[in-house]
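As structure tokens, the structure follows; a few thoughts come after it.
The values are calculated or read from the model by the stated rules, or taken from the named source; none is laboratory data. Just so it is clear, the model here is predicted, and its values are computed rather than measured. No Cβ is skipped: glycine too gets one built from the backbone with ideal geometry, and neighbour counts run over all protein chains shown.
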Amino acid sequence: MEVITFLGTAGARVMVANQILASGGLWLNLNGTEMLLDPGPGCLVQAAKRKLRATKLKAILLSHRHLDHSADMNIMIEAMTEGGLQRRGVVFAPADALEDDPVILRYLRRYPEEIMVLAEGRSYEVGEVCFETPIRHQHGVETYGFIFTTPEHTFSYISDTRYFSELGKRYRGDLLILNVVRLAPGGPYDHLSLPDAQEIIGEIKPKAAILTHFGMTMWRAKPWELAEKLSRETGTRVIAARDGMKFDLAQLDEAPA
């Protein structure tokens, strides 16, 4: 079983602050290796609501230190380790999440088995799952996306970033998950827009793409309808994530190449 659970699909300050959509991150269960990605505000509540047990986590991954991705980082470390009584799991985070003004509290750092610092172009392993941080993103803080490889599948998660041409060249896989905050491009924003997503999907050509992390302009434009339009235009099955949605990677084996 390889399942991705979307604990939240909110991006941008207004969406998160008002919880118009939830903001809990992604929970990956890859053949029994459970990992949490970007535990934003409400992650603990969203996980408990769906009976996902933090004590089963093998790792917590943080793409970058902004609060909509990291606000529940400390409580999820506490939950994973049962308040530090059981030293378990590995935490992966960029260096600036651990240095001055850290988002991971210092007293908690002895609770996991290890804390690994993410860096551009590196590879990491958790059980039978390998993941890479292929390129540093263009964002306000140190930010990475991930390419996950299991014995059965390869899929990518592109976290927050301004669009730049290397994105489509560095990511790969049968599934592509993109944080698409904005409906239209332009302006001083370090976030992907819908046309940026279309460009990246067209270049990578995955079997399926999932849009998530919606800002207000995307939400008002009905992302499920935008996904249908992108499916027609790119020839790739494009899905708009929903809070609590589960995506079974076995679906990729049924999708046309």
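Do we have Leu108 as hydrophobic (A, V, I, L, M, F, W, C) and under 21 Å from Val45 (Cα atoms) here? Yes, satisfied.
For the range 1-74, give me every one of the helices (runs of 4 or more DSSP H) that falls completely inside it and has 1 or more residues that are closer than 18 Å to Leu178 by Cα and more than 11 Å from the chain's Cα centre (by Cα). Break it down stepwise before answering.
Values: elements: 13-17, 43-49, 67-70.
Here the list reads 13-17, 67-70.
The condition of being crowded, with 16+ Cβ neighbours inside 10 Å, more than 26 Å from Thr133 (Cα to Cα), in contact with a strand residue (DSSP E or B) (Cβ under 9 Å, 6 or more places away or on another chain) and of a type in the set (A, V, I, L, M, F, W, C) holds for only one of Leu230, Leu249, Leu175, that being Leu230.
Would you say Lys49 is basic (Lys, Arg), under 25 Å from Trp219 (Cα atoms), at pLDDT 95 or above and surrounded by fewer than 24 Cβ atoms within 10 Å (Cβ to Cβ)?
Yes, satisfied.
Considering (1) surrounded by fewer than 17 Cβ atoms within 10 Å (Cβ to Cβ); (2) in contact (Cβ under 8 Å) with a residue 24 or more places away in the chain; (3) among the hydroxyl-bearing types (Ser, Thr, Tyr), the lone condition that Tyr111 does not fulfil carries the number (1).
Candidates in the range 144-200 are the residues that are touching a residue at least 60 places away in the same chain (Cβ under 8 Å) and acidic (Asp, Glu); of these, the one that is farthest from Thr236 (Cα to Cα) is Asp160. Looking for something at pLDDT below 95 and either touching a strand residue (DSSP E or B) at 6+ places or on another chain (Cβ under 9 Å) or surrounded by 15 or more Cβ atoms within 10 Å (Cβ to Cβ) (or both) - is there at least one such residue anywhere in the range 188-204? Checking the range 188-204: at least one residue is at pLDDT below 95 and either touching a strand residue (DSSP E or B) at 6+ places or on another chain (Cβ under 9 Å) or surrounded by 15 or more Cβ atoms within 10 Å (Cβ to Cβ) (or both).
Within the range 120-137, one or more residues are outside any loop (DSSP other than H, G, I, E, B), closer than 29 Å to Ala184 by Cα and of a type in the set (S, T, N, Q).
What are the residues in the range 205-224 that are surrounded by fewer than 21 Cβ atoms within 10 Å (Cβ to Cβ) and either farther than 20 Å from Gly244 by Cβ or among the small types (Gly, Ala, Ser) (or both), if any? Hits for the range 205-224 are Lys205, Lys207, Met216, Thr217, Arg220, Ala221. Restricting the first member to the range 227-254 and to residues that are free of Cβ contacts under 8 Å to residues at least 12 places away in the same chain, and the second to residues that are polar (S, T, N, Q) and outside any helix (DSSP H, G or I), no beta-carbon pair is closer than 6 Å while six or more apart or on different chains.
From the residues in the range 138-152 that are among the hydroxyl-bearing types (Ser, Thr, Tyr) and assigned to a loop (DSSP other than H, G, I, E, B), which one is surrounded by the fewest Cβ atoms within 10 Å (Cβ to Cβ)?
Our first condition is that a residue be among the hydroxyl-bearing types (Ser, Thr, Tyr); within the range 138-152, this holds for 143-144, 149-150.
Within this subset, residues satisfying the condition of being assigned to a loop (DSSP other than H, G, I, E, B) are 143, 150.
Values: Thr143: 23, Thr150: 18.
If we take residues in the range 138-152 being among the hydroxyl-bearing types (Ser, Thr, Tyr) and assigned to a loop (DSSP other than H, G, I, E, B), then Thr150 is surrounded by the fewest Cβ atoms within 10 Å (Cβ to Cβ).
Inspect all residues belonging to the range 75-98 and state whether any of them is outside any helix (DSSP H, G or I), closer than 20 Å to Gly140 by Cβ and either charged (D, E, K, R) or in contact (Cβ under 8 Å) with a residue 60 or more places away in the chain (or both). Within the range 75-98, not a single residue is outside any helix (DSSP H, G or I), closer than 20 Å to Gly140 by Cβ and either charged (D, E, K, R) or in contact (Cβ under 8 Å) with a residue 60 or more places away in the chain (or both).
Any idea which residue in the range 114-130 is farthest from Thr154 (Cα to Cα), counting only those that are among the β-branched types (Val, Ile, Thr) and touching a residue at least 60 places away in the same chain (Cβ under 8 Å)?
Within the range 114-130, the first condition is being among the β-branched types (Val, Ile, Thr), and the residues that meet it are 115, 117, 126, 129.
Among the residues that remain, those that are also touching a residue at least 60 places away in the same chain (Cβ under 8 Å) are: 126, 129.
Details: Val126: 15, Val129: 10 Å.
Result: Val126.
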